[in-house]
Amino acid sequence: MSEPWHVQSRAARTGPGVHGLVARHVSATPAACAVRDTVGRELTYAQLWERSGAVAARLESSGIGRGARVAVRMERTPELVVALLGVLRAGAAYVPLDPYAPRERQDSVVRDCRAEALLVTDPGRAGDGPPVLAMPGPDADPAPGATTAPARAVAPEDIAFIGYTSGSTGRPKGVMLSHLAIERFVTGAAYCEVGPGDRVAQVANPSFDPVTFEVWNTLAAGATVVMMPAVAETPLDQWIASLAAHRITVVFLTTALVDMVHRAAPGAFATLRVLLFGGETADPEMVRGLCTVRPPERVLHVYGPTEATTFASFFPCTAENLAGLDRIPIGFPLQDTTLRVVGPDLDAVPDGESGELCIGGPRIATAYLGQPGLTAERFVVMPDGERVYRSGDLVRRRGDGALEFLGRKDRQVKLRGFRIELEEVERAVVATGLVTAAVVEKTGEGMAAALVGFVVPKSATDTRADVLPRLLSRALADTLPGYMVPRRWHVADSLPVTRNGKVDRPALLARHSDNARANTGS
């Protein structure tokens with residue numbers, strides 16, 4: 001039977017808080033580089049502590065302290081790390097916003113989390129939300145005494161980070177992670193040991209939960225965070241060259257980006273010590289090539305939802321253990337993690353059989369902010385007393401204990417690493433007022449993956465193939481992040497249904513496959 005399997009670490013049940021882990025290196029190696037970017041700006045651990053202390057002091061002077069929530073809208077710069085650390089030192093929780101998302105989407109997150117302040121680089125329009133606090137520029141002098149400001153005492157269960165993910169009801173979900181959850185994630189991480197000599201790339205979107213790995217895992221180890229542009233923000237050959245130029249040793253990328261880089265330049269990751277990838281299904285042939293043509297020292301396929309603090313499992317990829325595989329496993333549990341494969345009644349299923357993956361351990365999220373019903377549905381207590389997160393992912397356990405991902409119980413999809421509830425996109429499409437019905441599906445894999453929308457127009461005048469897709473795409477660009485806007489559209493008088501009266505989704509996908517000239521909104 002597939003008994004719960006976990007790895008127990010020796011990490012303490014209590015700790016100094018995430019910011020306290022950084023403080024240790026401020027004392028031990030104050031002159032070591034903590035954060036740098038690709039244009040030569042850098043902050044030592046002492047300077048990072050000094051500047052983050054100034055942020056904490058400013059927040060506290062505004063009445064913001066333990067238990068408060070502070071939204072952060074910033075791009076990938078050293079100041080982003082200063083802001084996040086400053087929020088934690090004030091005793092508050094940070095809520096990172098996607099700086100590239102429509103302002104309406106950002107504002108909805110700020111309202112939902114009831115942020116008491118918004119930290120930004122450029123204030124822009126203030127709006128009617130919480131106070132907007134502009135971050136000091138890189139050359140600004142920090143407040144006197146900030147260097148010696150103590151780390152604010154927090155309880156292990158205090159919330160440190162609230163990350164928003166797509167929601168099937170049309171309302172994004174705020175996943176609440178405690179200091180304890182993050183501490184346990186970044187300490188004793190034997191699967192990917194990071195040390196003072198490492199340079200870890202920070203390339204994820206600031207609102208994307210791998211930032212937890214890129215920033216806190218790095219700073220807790222006394223290593224250097226290197227703020228790099230995203231792969232899509234610079235010519236690919238320049239981005240690849242920057243890995244060696246900035247002596248990057250550890251990087252996490254989504255599976256689609258690893259595939260794109262490897263196919264464009266086999267051996268591009270040769271200078272790395274560790275390459276981690278995940279977020280969607282991987283092509284076994286691509287991964288085998290990655291591990292045979294000038295591979296990094298170590299290649300890890302990682303898996304985990306935000307609700308399990310970034311990563312829950314890993315699979316070491318080598319030419320030897322990939323031989324003959326037609327599916328890349330999501331692997332074995334991280335420290336302090338329990339992985340259970342269960343049936344509908346939450347009983348364990350036999351090894352080799354499909355079941356839902358439930359994840360347990362101290363790194364599981366506290367709750368969904370303001371959504372007690374959904375929290376009770378997805379976070380349950382097992383008969384043995386362990387609290388677990390019902391992931392909705394279907395998996396099976398191999399004979400060696402590694403897990404294989406088989407699919408989803410629901411209509412959640414991953415697109416270039418971003419988690420998308422298709423129902424949320426469909427609700428947004430109908431909310432434009434341009435259509436009476438909408439179905440959205442994902443097609444393709446890797447960088448070729450895309451969302452496709454099937455719609456029934458509200459007005460006969462909107463059926464022109466060159467009009468409605470453009471109107472829909474423009475309307476959605478004001479409310480959804482770019483990765484959630486369908487790239488192709490099919491307009492029809494009606495949607496096909498099954499004998500039971502439900503939308504026939506396979507028929508819609510077949511219609512898309514048969515129509516290579518699908519409309520593209522612009």
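The values are calculated or read from the model by the stated rules, or taken from the named source; none is laboratory data. Note that this is a predicted model, so its numbers are computed, not measured. Here Cβ is always computed from backbone atoms with ideal geometry, including for glycine, and neighbour counts include all displayed protein chains.
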Which count do you get for residues in the stretch 264-297 that are more than 21 Å from Asn205 (Cβ to Cβ), of a type in the set (D, E, K, R) and in contact with a helix residue (DSSP H, G or I) (Cβ under 8 Å, 6 or more places away or on another chain)? 2
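Please determine, by comparing only the residues of the stretch 335-355 that are part of a loop (DSSP other than H, G, I, E, B) and within 14 Å of Tyr389 (Cβ to Cβ), which one is modelled with the highest pLDDT. Full working, then the answer.
From the stretch 335-355, those part of a loop (DSSP other than H, G, I, E, B) are 336, 343-347, 349-354; that's our starting set.
Next, only the ones that are within 14 Å of Tyr389 (Cβ to Cβ) stay: 336, 346.
Working: Asp336: 90, Leu346: 93.
Per the stated criteria, the residue is Leu346.
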Arg363 fails exactly one of the following numbered conditions: (1) farther than 14 Å from Phe185 by Cβ; (2) in a loop (DSSP other than H, G, I, E, B); (3) charged (D, E, K, R). What is the number of that condition? (1)
Does any residue of the stretch 307-319 turn out to be surrounded by fewer than 16 Cβ atoms within 10 Å (Cβ to Cβ) and among the β-branched types (Val, Ile, Thr)? yes
Looking only at the stretch 319-378, filter to residues that are touching a residue at least 24 places away in the same chain (Cβ under 8 Å) and of a type in the set (Asp, Glu); which one of those is farthest from Gly392 (Cα to Cα)? Asp326
Search the stretch 320-345 for residues being touching a Pro at 6+ places or on another chain (Cβ under 8 Å) and among the aliphatic types (A, V, I, L, M), and hand back the single one that is farthest from Trp216 (Cα to Cα). Leu325
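If you take the residues of the stretch 240-259 that are buried (at least 20 other Cβ atoms within 10 Å of the Cβ) and assigned to a helix (DSSP H, G or I), which of them is modelled with the highest pLDDT?
Ranking the qualifying residues of the stretch 240-259, first place goes to Leu243.
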Boolean, Pro196 is farther than 30 Å from Glu104 by Cα, at pLDDT 95 or above and surrounded by fewer than 23 Cβ atoms within 10 Å (Cβ to Cβ): yes
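Got a sec? Which of Val261, Val287, Val293 is in contact with a strand residue (DSSP E or B) (Cβ under 6 Å, 6 or more places away or on another chain) and more than 20 Å from Ala223 (Cα to Cα)? Don't jump to the end; show me each part of the working.
Working: Val261 fails: in contact with a strand residue (DSSP E or B) (Cβ under 6 Å, 6 or more places away or on another chain); Val293 fails: in contact with a strand residue (DSSP E or B) (Cβ under 6 Å, 6 or more places away or on another chain).
Sole residue among the options that is in contact with a strand residue (DSSP E or B) (Cβ under 6 Å, 6 or more places away or on another chain) and more than 20 Å from Ala223 (Cα to Cα): Val287.
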With respect to Val299, is the statement that it is of a type in the set (A, V, I, L, M, F, W, C) and buried (at least 19 other Cβ atoms within 10 Å of the Cβ) true? yes
Subset tally (residues that are closer than 16 Å to Val215 by Cα and either touching a Phe, Trp or Tyr at 6+ places or on another chain (Cβ under 7 Å) or among the charged types (D, E, K, R) (or both)) for the stretch 59-82: 4
Return yes or no: is Arg36 more than 15 Å from Met227 (Cβ to Cβ) and touching a residue at least 40 places away in the same chain (Cβ under 8 Å)? no
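When you check Val110 against the structure, is it surrounded by fewer than 24 Cβ atoms within 10 Å (Cβ to Cβ), at pLDDT 95 or above and not acidic (Asp, Glu), yes or no?
Working: surrounded by fewer than 24 Cβ atoms within 10 Å (Cβ to Cβ): yes; at pLDDT 95 or above: yes; not acidic (Asp, Glu): yes.
So Val110 passes the test.
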(1) more than 19 Å from Gly163 (Cβ to Cβ); (2) in a strand (DSSP E or B); (3) free of Cβ contacts under 8 Å to residues at least 60 places away in the same chain: which one isn't true of Leu133, the others all being true? (3)
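Test Phe315 against the stated conditions and say whether it is outside any loop (DSSP other than H, G, I, E, B) and either farther than 20 Å from Gln335 by Cβ or in contact (Cβ under 8 Å) with a residue 60 or more places away in the chain (or both). Break it down stepwise before answering.
Details: outside any loop (DSSP other than H, G, I, E, B): yes; either farther than 20 Å from Gln335 by Cβ or in contact (Cβ under 8 Å) with a residue 60 or more places away in the chain (or both): yes.
Against the criterion (outside any loop (DSSP other than H, G, I, E, B) and either farther than 20 Å from Gln335 by Cβ or in contact (Cβ under 8 Å) with a residue 60 or more places away in the chain (or both)), Phe315 qualifies.
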Number of the exception - Arg363 against (1) surrounded by fewer than 23 Cβ atoms within 10 Å (Cβ to Cβ); (2) among the charged types (D, E, K, R); (3) under 22 Å from Leu276 (Cα atoms): (1)
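Conditions (1) modelled with pLDDT under 95; (2) farther than 20 Å from His179 by Cα; (3) in a helix (DSSP H, G or I), marked per residue:
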{"position": "His6", "(1), (2), (3)": "yes, yes, no"}
{"position": "Ala23", "(1), (2), (3)": "no, no, yes"}
{"position": "Arg36", "(1), (2), (3)": "no, yes, no"}
{"position": "Gly40", "(1), (2), (3)": "yes, yes, no"}
{"position": "Leu43", "(1), (2), (3)": "no, yes, no"}
{"position": "Trp49", "(1), (2), (3)": "no, no, yes"}
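Can Asp384 be described as surrounded by 18 or more Cβ atoms within 10 Å (Cβ to Cβ), modelled with pLDDT under 95 and more than 24 Å from Val287 (Cβ to Cβ)?
Numbers: surrounded by 18 or more Cβ atoms within 10 Å (Cβ to Cβ): no; modelled with pLDDT under 95: yes; more than 24 Å from Val287 (Cβ to Cβ): yes.
Considered against the rule, which asks whether it is surrounded by 18 or more Cβ atoms within 10 Å (Cβ to Cβ), modelled with pLDDT under 95 and more than 24 Å from Val287 (Cβ to Cβ), Asp384 comes out as no.
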Restricting attention to the stretch 217-239, does a residue exist that is under 15 Å from the mean Cα position of the chain (by Cα) and surrounded by fewer than 20 Cβ atoms within 10 Å (Cβ to Cβ)? yes
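Take the residues in the stretch 298-311 that are in a loop (DSSP other than H, G, I, E, B) and either in contact with a helix residue (DSSP H, G or I) (Cβ under 9 Å, 6 or more places away or on another chain) or among the hydroxyl-bearing types (Ser, Thr, Tyr) (or both), then tell me which one is farthest from Ile248 (Cα to Cα). Working first, answer last.
At the first step, the residues of the stretch 298-311 found to be in a loop (DSSP other than H, G, I, E, B) are 304-305, 309-311.
Imposing the further condition that a residue be either in contact with a helix residue (DSSP H, G or I) (Cβ under 9 Å, 6 or more places away or on another chain) or among the hydroxyl-bearing types (Ser, Thr, Tyr) (or both) reduces the set to 309-311.
Values: Thr309: 24, Thr310: 21, Phe311: 21 Å.
Only one residue fits best here, namely Thr309.
Which residue, of Val211, Val250, is of a type outside the set (D, E, K, R), touching a Cys at 6+ places or on another chain (Cβ under 8 Å) and within 30 Å of Gly91 (Cα to Cα)?
Working: Val211 fails: touching a Cys at 6+ places or on another chain (Cβ under 8 Å).
None of the others qualify; the one that does is Val250.
Taking the options Arg390, Arg378, Arg398, Arg363, name whichever one is basic (Lys, Arg), modelled with pLDDT of 90 or more and in contact with a Cys (Cβ under 9 Å, 6 or more places away or on another chain). Working first, answer last.
Details: Arg378 fails: in contact with a Cys (Cβ under 9 Å, 6 or more places away or on another chain); Arg398 fails: in contact with a Cys (Cβ under 9 Å, 6 or more places away or on another chain); Arg363 fails: in contact with a Cys (Cβ under 9 Å, 6 or more places away or on another chain).
Sole residue among the options that is basic (Lys, Arg), modelled with pLDDT of 90 or more and in contact with a Cys (Cβ under 9 Å, 6 or more places away or on another chain): Arg390.
Can you tell me which of Thr249, Thr234 is out of contact with any His (no Cβ under 6 Å at 6 or more places or on another chain) and without any contact (Cβ under 8 Å) to a residue 24 or more places away in the chain?
Values: Thr249 fails: without any contact (Cβ under 8 Å) to a residue 24 or more places away in the chain.
The match here is Thr234.
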